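Participant: Here it is: the structure, laid out below.
The values are calculated or read from the model by the stated rules, or taken from the named source; none is laboratory data. Please read these numbers as outputs of a predicted model, since none were measured by experiment. We place every Cβ from the backbone using ideal geometry, glycine too, and count neighbours over all the protein chains shown.
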Amino acid sequence: MPLEKINSVLSINAVHKKNKTIMIIAGEASGDMHGANLVREMLKINPALNFYGIGGNKLQEEGVKILANASSMAVVGLTEVFSKLGSILKIMGMMKRSLDERQPDLVILIDYPDFNLPLAKAAKKRGIKVFYYISPQVWAWRRGRIGQIKKTVDKMAVILPFEVDTYSKEGFPVNYVGHPLLDMVKLNYSKQESRKNFGLAENKITIGILPGSRLSEVRKLMPELLRAAEILVQKMPDIQFVLPLADTLEEKIITEISSRFTVKVHIISSHTYDVISCADLALVASGTATLETALLGVPMIIVYKISLISYVIGRLFVHVKNIGLVNIIAGKTIVPELIQGDACGNRIAMEALAILTNEERKQEMIKELMAIRAKLGDPGAAIRAAQIACDMV
């Protein structure tokens, strides 16, 4: 065979080898965010990669072909799943069919275990490699899932240091890559500059309201947060409220709920971290936002409310003292947690006043929150995870 012909064949084979297809599944807003950063870093390593799957706007912006939007699948609590079960099962069927039709070279799963673990099993049956980025919270509940993970997942990248021991005790080695938020939580402006830019009074006590990224949790928590706001206004007239709008929510939904209350809330789209940094105190739905708020050094109260049945069932299986990531990572309760019946307007307002009127307690909380950063490893989580994933294809 002539040398030119050999070089041409080698060139074609090289291109074919590089053009890999990857399925990525991010069933929630935080997964969409972390998945987008992962995809971006993977494309830096290999620009020829093709991605498709489930996610939101952020993954789509990175060039991922979205077959189903994550917002249609996001739920809080066990019983809440039933209202979307039909839709979720339909999407599951579609994604399993795509394993045969598109034959991806790798499946990347991000948290969201009730959907992702069955999909991992389906991929494994077809001989497709599975990379799990951001572990299910097996250290908190349903530890038995580790057995299923060992059978169906080829490699796991975890983002919390204690997760390494959790898995190693079960004989499954994992890769600790550090927490991706360390690269993401950054400010463009100072506290005072942000208040000015967002049309807020620069010298008023400012309360951040973060009711969550899922519509179901917003509908449960937002009214209680606004009741607390009304009480706070009565006690401290020189106060203002700001709400950073999650990408997964429409402003009209927040406006509709807010219209039932007398308190004014400044709703601000984008610039989430600068908006949070405006606050002297944040009222935060349990989840990723609590860790983001901690990394910004803003004192907070964590609130959590689901259906009674979901809560009762959950308490039977959850084996951690705290529910807030901030407190779990700290290994102690450094910020208040108001759960279920305690997540009501009166209790929230009482806790808020106790913090706002006690400067010593407030400063101690800030100190404890800033210590969280040191426990989350080094920046570069997405880069390290991307390298692991690229090495698998």
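Participant: Is it the case that the range 172-191 has a residue that's basic (Lys, Arg) and out of contact with any helix residue (DSSP H, G or I) (no Cβ under 8 Å at 6 or more places or on another chain)? Walk me through how you get there before you give the answer.
Facilitator: Filtering the range 172-191 down to residues basic (Lys, Arg) leaves 186, 191.
Those still in the list that are out of contact with any helix residue (DSSP H, G or I) (no Cβ under 8 Å at 6 or more places or on another chain) too: none.
No, the range 172-191 has no match at all.
Rundown of residues vs (1) out of contact with any Phe, Trp or Tyr (no Cβ under 9 Å at 6 or more places or on another chain); (2) within 25 Å of Val164 (Cβ to Cβ); (3) modelled with pLDDT of 95 or more; (4) of a type in the set (A, V, I, L, M, F, W, C), yes/no style:
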| position | (1), (2), (3), (4) |
| --- | --- |
| Ser286 | no, yes, no, no |
| His319 | no, yes, no, no |
| Ile328 | no, yes, no, yes |
| Gly345 | yes, no, yes, no |
| Asn358 | yes, no, yes, no |
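Participant: Working only within the range 363-393, note down all residues that are within 17 Å of Pro161 (Cβ to Cβ), assigned to a helix (DSSP H, G or I) and of a type in the set (D, E, K, R).
Facilitator: Arg373, Lys375, Arg384
Participant: Please tell me if Glu360 is closer than 21 Å to Met236 by Cβ and either in a helix (DSSP H, G or I) or touching a Ser or Thr at 6+ places or on another chain (Cβ under 7 Å) (or both).
Facilitator: Yes.
Quick grid of which residues meet (1) among the aliphatic types (A, V, I, L, M); (2) part of a loop (DSSP other than H, G, I, E, B):
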{"position": "Lys96", "(1), (2)": "no, no"}
{"position": "Asp100", "(1), (2)": "no, no"}
{"position": "Gln137", "(1), (2)": "no, yes"}
{"position": "Val164", "(1), (2)": "yes, no"}
{"position": "Tyr189", "(1), (2)": "no, yes"}
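Participant: Same structure again: Among the residues of the range 210-249, how many are in contact with a His (Cβ under 8 Å, 6 or more places away or on another chain) and touching a residue at least 60 places away in the same chain (Cβ under 8 Å)?
Facilitator: Count: 0.
Participant: In the range 336-355, what residues are of a type in the set (A, V, I, L, M) and in contact with a helix residue (DSSP H, G or I) (Cβ under 7 Å, 6 or more places away or on another chain)?
Facilitator: Scanning the range 336-355 gives Leu338, Ala343, Ile348, Ala349, Ala352, Leu353, Ile355.
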